[in-house]
């Protein structure tokens with residue numbers, strides 16, 4: 001099977017369909033094509049081609065995967081209800097309820113896409129994000145009922161990504177971000193590597209165009225040398241397999257661009273230093289030959305320690321099976337080898353789609369049913385978690401459903417599956433709720449590790465417990481990385497919720513006061529925050545924060561959006577203030593200042609996420625201040641104040657923010673702080689230390705993109721030994 005790049009002539013395609021579909025299905029597809037062509041008559045895509053060309057290409061891509069007739073019909077009709085006057089009822093009457101349900105499901109996917117218009121409302125970006133997350137929540141739950149919907153949408157999105165170049169740059173970026181965030185992980189979860197890899201590569205092309213061009217150029221420069229090397233190795237491989245009487249095909253594959261880019265980022269090396277840009281595949285007849293071929297390879301070349309994975313004995317969650325090894329050629333060159341059967345190869349390339357194809361009238365199998373059931377249960381489990389908003393639901397789906405899985409062992413040798421990035425605490429709660437509550441430490445492969453340790457494939461995990469006690473509130477701080485899974489987070493929240501109401505109320509007040517003080521936010525009332533978070537009583541709001549039914553991250557977001565100072569400034573502003581306009585270019589992207597030169601006030605060092613206001617200077621453009629800046633509050637000439645807001649920059653921008661660390665002095669303190677900042681890939685621009693009575697005051701200036709990045713770095717520094725407090729300087 002191969003997914004087509006271009007649409008076939010219609011008659012040629014109909015003839016090809018007859019090779020695997022019954023005549024009745026082919027006739028239905030012909031009727032659907034005529035129906036869609038009539039419905040979309042006169043419509044054109046941004047490229048200028050007739051719209052029906054897109055529908056036809058999607059249907060042909062589905063037929064390349066050998067789907068049944070109903071799925072191909074739905075592929076032809078997938079945009080009809082959304083873009084024409086024809087209703088789902090008409091489609092159901094003409095082609096049956098199953099086709100109508102598939103088309104309806106794909107339409108829900110389309111509605112879940114990010115808002116594409118322009119909204120002058122300053123709160124619009126946040127509202128659009130919440131609306132998108134809510135739509136995705138509905139879509140994912142609906143998709144879990146019939147996975148064919150997502151297969152059609154993945155093919156639809158793949159063709160849209162292939163033709164993305166005809167859209168404006170900001171829309172290309174938005175669609176690429178959404179594709180990388182949702183659709184590529186979905187394809188990975190379903191095991192469709194062919195679609196996942198192409199989606200990631202095309203997103204990479206639009207999100208990081210310069211890096212993409214540089215990589216393509218360097219790979220092209222080295223292609224002849226790499227091809228010559230791999231052909232030589234393949235010839236040697238064919239000879240030793242033949243001598244061992246193992247029949248095999250020896251195709252080689254090129255690592256996809258985005259996969260290479262991720263490895264370069266992870267290892268901090270150049271593309272020329274990635275040894276597995278190209279890898280040999282050994283495709284044999286049966287499992288016995290897989291292991292026999294592995295033995296031949298290891299006998300010929302020295303294996304690289306730690307680079308062997310047996311996904312045949314322990315398949316990946318998406319069904320992937322193969323033997324992976326890396327060996328050293330006698331020339332000193334490292335190369336990767338993947339060994340699998342033909343059936344495993346089809347599974348690796350097309351995943352779930354390879355099981356769903358129409359062969360001898362059979363459309364499913366037990367393995368497929370189990371995997372679909374697991375995916376449905378995972379989505380529904382997250383949906384039942386009582387998240388406070390749709391954004392949290394979406395984050396949980398990404399963590400528990402879409403992300404790559406790892407496999408670890410219990411002390412008794414049982415295998416447990418977890419999302420990549422899970423910790424011993426996640427493992428403890430998966431064993432039993434009480435084990436999680438009383439978890440105080442962990443051993444990995446016999447060695448003690450911290451509770452924020454990220455589990456790796458094949459780890460043997462042992463949990464150390466106390467006789468009594470409960471979880472720590474730090475476990476729920478997402479910036480500290482203690483908990484990954486929805487189950488663990490839900491159990492911890494429930495434990496705190498069961499504690500005394502007055503204790504939770506006091507704890508919630510303490511948490512909020514501390515966080516506002518740390519971030520130097522002074523212009524907010526608790527009553528306003530309670531109302532913004534949909535609580536009628538302030539005490540109930542604080543108690544919910546205390547037992548973590550409400551996250552401090554969510555509250556801080558509401559604080560920034562609905563601060564009392566923002567409303568006060570708006571009410572006091574004279575009618576002559578300039579209205580918000582389109583984003584401008586400069587050191588910072590700010591709306592509402594036209595083409596005026598802008599600078600950030602050094603007195604308050606505003607950062608993206610702060611409530612801000614502009615002050616028109618004499619001859620130096622507009623200075624941007626926080627709204628609670630003392631210099632602004634003392635300003636008597638209100639007519640020189642101008643409404644401004646953070647726009648949406650085309651690339652990440654950072655701002656210098658001063659913070660102060662208070663700690664008991666110790667050796668290595670500054671080194672540890674510097675390591676945290678470096679690991680977060682942030683820039684430290686200034687540092688000063690004073691020591692008095694064994695208390696060290698560390699004054700730092702760190703460049704961060706927004707308030708959430710600032711909170712994350714402050715949380716991590718505060719976890720260091722001897723650190724008393726970390727706060728933002730005025």
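Read the figures in this text as sums done on the coordinates, not as results from a lab. Bear in mind that the values here come from a model prediction, so they are computed numbers and not experimental data. A quick note on method: Cβ atoms are made from the backbone with ideal geometry, for glycine too, and the neighbour counts reach across all protein chains shown.
Couple of notes before you dig in:
- Residue order, fewest to most surrounding Cβ atoms within 10 angstrom, among 241, 76: 241, 76
- Here the gap between residue 346 and residue 223, fully extended at 0.36 nm per residue and compared with their Cα-Cα distance, gives a gain of 41.6 nm.
- Stokes-Einstein diffusion coefficient of segment 418-508, Kirkwood radius over Cα pairs, 4 °C, 1.567 mPa s, in µm²/s: 96 µm²/s
- Value of D in µm² per second that Stokes-Einstein yields for segment 655-728, Kirkwood Rh from Cα pairs, at 10 °C (1.306 mPa s): 130 µm²/s
- Volume per residue of the convex hull around the Cα atoms, evaluated for segment 191-287, comes out as 120 Å³.
- Equivalent-ellipsoid semi-axes of segment 210-350, from the Cα gyration tensor, Å, largest first: 26, 18, 14
- Proxy reagent accessibility, fewest Cβ within 10 Å first, across 103, 726: 726, 103
- For segment 499-562, the spread of Cα positions along the three principal axes, ordered from largest to smallest, is 30, 24, 16 Å.
- Residue order, fewest to most surrounding Cβ atoms within 10 angstrom, among 605, 85: 85, 605
- According to the Kirkwood relation over distinct C-alpha pairs, the hydrodynamic radius of segment 594-730 is 16.4 Å.
- In whole percents, the pair-distance distribution calculated for segment 425-568 from its alpha-carbon pairs, binned every 10 Å from zero, is 11, 36, 28, 17, 7, 1.
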